[in-house]
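Contents: one structure, followed by commentary.
The values are calculated or read from the model by the stated rules, or taken from the named source; none is laboratory data. Model, not experiment: these values are computed from the prediction. Please note: Cβ atoms are built from the backbone with ideal geometry, for glycine as well, and neighbour counts cover all protein chains shown.
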Amino acid sequence: MKSEVNKYKADNSAEIPDSGLAEILVVGPGKMGTGLSLAFAQSGFSVLLVGRSQVSLESGLNLIDESLKEGINKGVFDVEEAQKIRQRISLKKKENNFTFPEVKSIKLALEAISEDFKAKAEVLAELDSSLPLSTPLATITSSLDAELLGSTLAHPEKFIWLHFFYPPQKNRAVEVAHLSRTSLQTIEITMAILGQAGREIIRLKKYRRGGVANIILISLILEALRLIDEGFEVSLVEEASRLAFNLPMGFLSLLSWLDQKLALTVASSLRPTGDSKDPIFLAYDNFFTWPARLQEFVKKEGVRGLDSFLKINQPHKSENSSLNALILELAQQRFLAVAFMTSSEVVEAGLIDPASCDRLCQLALGWPEGPFTLMNRLGIEAALRLVTERMELSHRQEINFPVPRNLIEKAMKKELWPLT
């Protein structure tokens, strides 16, 4: 396979001659934008990837070519198919809003720039005024409020929220949520295109900032960081999180593998803002508050502060690093408690049903079993006991830990979660 990788040659120019037939428009040639471009190109769509500068486009090209070479190396596709995928992606520098000729043929536009509210709002307004009225306009924001982003658009009926999972060219899951003024036509067109692109769609019943998967995943990553802050060894925390959900890697390894800057941005967005109308704050209060030491590291070192924090409880070489079974079991129970609480909460909030939440965790997060299947297997009363014990510990630390009423009611009635 390595010889095939070396045969792959990409066009290193940052622009490809305009075909006028682009079907998918992606704005933002970063990791997510290039991943989305590859995801749609792999499904046969022609993609126009737009960046604000020649430098950003060249960086995006490098990301695309690296991904294609990796795909060849792993046998996902051969050199000829990689070249075809690459040829389906055109790149263009943004000039004069988005008034270039290709816009007329766009079937779906995806805004995928960095998580900056002002910048996103400006790009969305320009897209809104340039795209045909029948073309859905989607933001893929992980942390910002899509309702607010769309509040000033001239055509909010074509605006929709999509949440793809990193890296989108490999992970086929996508959360879809209509906003307060999204039209039925926009929903239908978007769902059809995502289906044609081979996406595994989880449609939320309603929109709330952050969606569903991020709430569950960020809460579990945060629990890992809290355990470290409390003195648990990093290796133990990693193993406990892996075993709790039967995963190939724990949440600390996952955090290192993910785009750490994006992960910190999403986590920051969930921290308490004091806004009494914020639905996340109303549901969780200060639950998403970072450990104080982590805040200090990030304040001093930025993203690198996370790596510094993760080193604070590494075992010394002279120490016996064998895992204590009792402590390992305790840590696993804490991870399960957090998953049970957050998954029950998003169902209680009306965002999703238990079966769809299980499916989302399997597709997006790679869990063999979803949280509701795990609760049913463990027993609802036992699940509630884990959540209650974690709540009591959390309250001693002056951190909120909501116990969803639906979980209490299920335990009182000794009913399993419906998963059909």
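Against the condition in contact (Cβ under 8 Å) with a residue 60 or more places away in the chain, surrounded by 23 or more Cβ atoms within 10 Å (Cβ to Cβ) and under 19 Å from the mean Cα position of the chain (by Cα), how does residue 216 come out, does it pass? Yes; evaluated as a whole, the condition is true for this residue.
Summed over segment 398-418, residues that are outside any helix (DSSP H, G or I) and surrounded by fewer than 15 Cβ atoms within 10 Å (Cβ to Cβ) total 4.
Of the candidates 377, 385, the single residue that is without any contact (Cβ under 8 Å) to a residue 24 or more places away in the chain, assigned to a helix (DSSP H, G or I), out of contact with any Leu (no Cβ under 8 Å at 6 or more places or on another chain) and exposed (fewer than 15 other Cβ atoms within 10 Å of the Cβ) is 377. Counting only residues that are under 15 Å from residue 177 (Cα atoms), surrounded by 14 or more Cβ atoms within 10 Å (Cβ to Cβ), without any contact (Cβ under 8 Å) to a residue 40 or more places away in the chain and out of contact with any Phe, Trp or Tyr (no Cβ under 7 Å at 6 or more places or on another chain), segment 93-148 holds 1 of them. Among the residues examined, residue 205 qualifies as modelled with pLDDT of 95 or more and either surrounded by fewer than 19 Cβ atoms within 10 Å (Cβ to Cβ) or within 13 Å of the chain's Cα centre (by Cα) (or both).
Here segment 252-287 is the region considered, the condition is being surrounded by fewer than 20 Cβ atoms within 10 Å (Cβ to Cβ) and touching a Phe, Trp or Tyr at 6+ places or on another chain (Cβ under 7 Å), and the residue that is farthest from residue 114 (Cα to Cα) is 275. Restricted to segment 188-213, and to residues there that are touching a residue at least 40 places away in the same chain (Cβ under 8 Å) and assigned to a helix (DSSP H, G or I), the residue that is nearest to residue 141 (Cα to Cα) is 213. So, in segment 44-65, of the ones that are in contact with a helix residue (DSSP H, G or I) (Cβ under 7 Å, 6 or more places away or on another chain) and more than 16 Å from residue 166 (Cα to Cα), which residue ends up surrounded by the most Cβ atoms within 10 Å (Cβ to Cβ)? Only one residue tops the list, namely 49.
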